[in-house]
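Chemist: What follows is a single structure, and I will ask about it in a moment.
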Amino acid sequence: MSLPEFKLLRPRNLADAVGQLAQHAGSIRILAGGTDLLPSMRQKLFDSQYLLDIRHLAELKGIRPQPDGCVEIGALTALTTIAHSDFLRQHYPVLPEAAKTVASPVLRNMGTIGGNICLDTRCLWYNQSFQWRKSCGFCIKKDGDLCHVAPGGMKCWAAFSGDTPPALLCLNADIEIASPAGVRRVKLSDFYTGDGVIHRKLQLNELVTRVFLPASSSGYRGVYRKLRIRGSIDYPLAGVAIVLKRSNGHIEDARIGITAVNPAPLLVKGATELLKGKSLTEDLAEAVGDLAAQTAKPLTTSALTPEYRREMIRVFTKRALIAAAGD
């Protein structure tokens, strides 16, 4: 499968990049790492006249602690840099733990934190060649009006399959979005829509530029567990991120995020209240695992059955909690 024809644009700076996005809105895609975009273009999932190559914009790279105690991460910071950051390992360990599981070392060298946040949703009927999709009559997400996952349904259930967003949700992260009107800062939890087609709240002339980790989330223990068929390269088919803080043997605070089992990464509602102020026991970990499994809504969007993926959310949540709470 060959790439379609396109014109490559290389902006001089962020302001130029935003201007190019506005000028060519609707016919342009952003090239950061390209690890997801270029294979999708080969499958004719995206057909853009222009690619905006922002890989050289140094202002969008790096991990920078701020005077107020929060941490700013440029959207173009490589996943390898995040996985190997001693600062993040010390203060926000769940994020580098999640980042080190993304794909393979070569792809982590190219892939960026911004790209992982903005990753397209995936489905067994969507991520195929054009000829394969045509033979199935296409689908709601691309070129058709039929959902093969939930026949008769009008919602796309393609799953969001990024590894770092559930960790970032647990850390209460914000993101910065730039546009011709300026910049705005939003909670990452408000960025996703829960729909497989238009899965993020990002306009055609907007660009994710930075990630912010609050000082209040520093010092939490962090664990990430991931299910995939090939352990060295695949997207998650179920993923669980946990942050936890203990005091005097009891859980002072905890948050749990899941990925790859819904059209958006999600925090598990009620998990914090269930855990707060208690000592972790086998029964309590089992109850929180049940709660996470109830939050997961996997459908037939991957090679593994929905029942198995939901059960692994339960199992991974229990295991990750025990690991995070251990001495």
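Just so it is clear, none of the values below were taken in a lab; they were calculated from the coordinates. Predicted, not measured: the structure shown is a model, and the values here were computed from it. Every residue, glycine as well, gets a Cβ built from its backbone with ideal geometry; the counts of neighbours run over all protein chains shown.
Chemist: Name the residue, out of I229, I63, I242, whose mean-square fluctuation peaks in a Gaussian network model built on the chain with Cα pairs under 10 Å.
Modeler: Looking only at I229, I63, I242, the largest GNM fluctuation is found for I229.
Chemist: A further question on this structure: Calculate how steeply helix 306-325 sits against the longest principal axis of the alpha-carbon atoms of the chain, using the helix alpha-carbon long axis, and give the answer as 0 to 90 degrees to the nearest 10.
Modeler: Roughly 50 degrees between the two axes.
Chemist: Could you give P(r) for region 49-161, binned at 5 Å from zero, as whole percent values over all Cα-Cα pairs?
Modeler: For region 49-161, the pair-distance distribution reads 2, 10, 16, 16, 13, 12, 12, 10, 6, 3, 1, 0.
Chemist: If you don't mind, another one. Express in whole angstrom the spacing between the alpha-carbon centres of region 230-284 and region 168-221.
Modeler: Using only Cα atoms to place each centre, the spacing works out to 20 Å.
Chemist: Based on the alpha-carbon gyration tensor of region 111-176, what equivalent-ellipsoid semi-axes (square roots of 5 times the eigenvalues) come out, in whole Å, largest first?
Modeler: Rounded to whole Å, the semi-axes are 29, 13, 9.
Chemist: For the chain, modelled as a GNM with alpha-carbon contacts under 10 angstrom, which of A159, A17, A25 fluctuates the most?
Modeler: Looking only at A159, A17, A25, the biggest GNM fluctuation is shown by A25.
Chemist: For the pair E72 and K245, how long in nm is the line joining their label points, each one 7 Å along Cα→Cβ?
Modeler: Result: 2.4 nm between the two label points.
Chemist: If the chain between F46 and S104 were fully stretched, how many nm would it gain, using 0.36 nm times the residue separation less the Cα-Cα distance?
Modeler: Value of the extension gain: 18.5 nm.
Chemist: Got a sec? How would M312, M1 order by Cβ neighbour count within 10 Å, fewest to most?
Modeler: With the fewest neighbours first, M312, M1 line up as M1, M312.
Chemist: How many times 2.2 N^0.38 Å is the alpha carbon radius of gyration of region 1-116?
Modeler: Region 1-116 yields a ratio of 1.17.
Chemist: Related question: Counting only the backbone N, which residues of region 55-73 are under 19 Å from the spot 7 Å out from the Cα of A15 toward its beta-carbon?
Modeler: 56-61
Chemist: Can you show me the helix-derived [θ] at 222 nm for the chain, built from DSSP H runs with n ≥ 4 at -39,500 (n - 2.57) apiece and divided by the number of residues, rounded to the nearest 500.
Modeler: Taken over the chain, the calculation gives -8000 deg cm²/dmol.
Chemist: Which of these, G74, G239, G34, has the largest mean-square fluctuation under a Gaussian network model of the chain (Cα springs below 10 Å)?
Modeler: G34
Chemist: Something else now. May I ask for the angle, rounded to the nearest 10°, between helix 282-295 and the longest principal axis of the chain, with both axes built from Cα atoms and the value confined to 0 to 90°?
Modeler: The answer is roughly 20 degrees.
Chemist: A follow-up question, please. Any of K7/K155; K61/K134; K44/K155 with alpha carbons more than 30 Å apart? Name them for me.
Modeler: Exceeds cut-off: K7/K155; K61/K134.
Chemist: Continuing with the same structure: Give the separation of the Cα centroids, region 14-31 to region 54-68, in Å.
Modeler: Their Cα centres are 20 Å away from one another.
Chemist: Then there's this: Take the alpha carbon atoms of region 154-264, find their radius of gyration, then divide it by 2.2 N^0.38 Å using N residues; give the quotient.
Modeler: 1.20
Chemist: Treat each spin label as a single point 7 Å out from the Cα along the C-beta direction, and report the R64 to T193 distance in nm.
Modeler: 3.2 nm
Chemist: Find how many whole Å separate the alpha carbon centroid of region 101-153 from the alpha carbon centroid of region 291-306.
Modeler: The distance from the Cα centre of region 291-306 to that of region 101-153 comes to 16 Å.
Chemist: So, one more: Scale the Cα Rg of the chain by the rule-of-thumb value 2.2 N^0.38 Å and send over the ratio, two decimals.
Modeler: Relative to the rule-of-thumb radius for its length, the chain sits at 0.99.
Chemist: Next up: Give me the Kirkwood hydrodynamic radius of region 184-327, using the inverse of the mean 1/r over all pairs of distinct Cα atoms, in Å to one decimal.
Modeler: After inverting the pairwise mean of 1/r, the radius is 16.3 Å.
Chemist: Turning to a different aspect of this structure: For helix 14-23, report the angle its Cα long axis makes with the longest principal axis of the Cα atoms of the chain; keep it between 0 and 90° and round to the nearest 10°.
Modeler: Between helix and principal axis, roughly 60 degrees.
Chemist: A further question follows. Which lysines, if any, have their Cα less than 18 Å from the Cα of K278, not counting same-chain residues under 8 positions apart?
Modeler: Straight-line reach from K278, under 18 Å: K245, K269, K318.
Chemist: Provide the net charge surrounding A158, with neighbours chosen by a C-beta distance below 11 Å and charges set as Lys +1, Arg +1, Asp -1, Glu -1.
Modeler: Spelling it out: positives minus negatives among the neighbours equals +2.
Chemist: Using alpha carbon coordinates only, what is the Rg to Rh ratio of region 263-327, with Rh defined as the Kirkwood radius?
Modeler: 1.01
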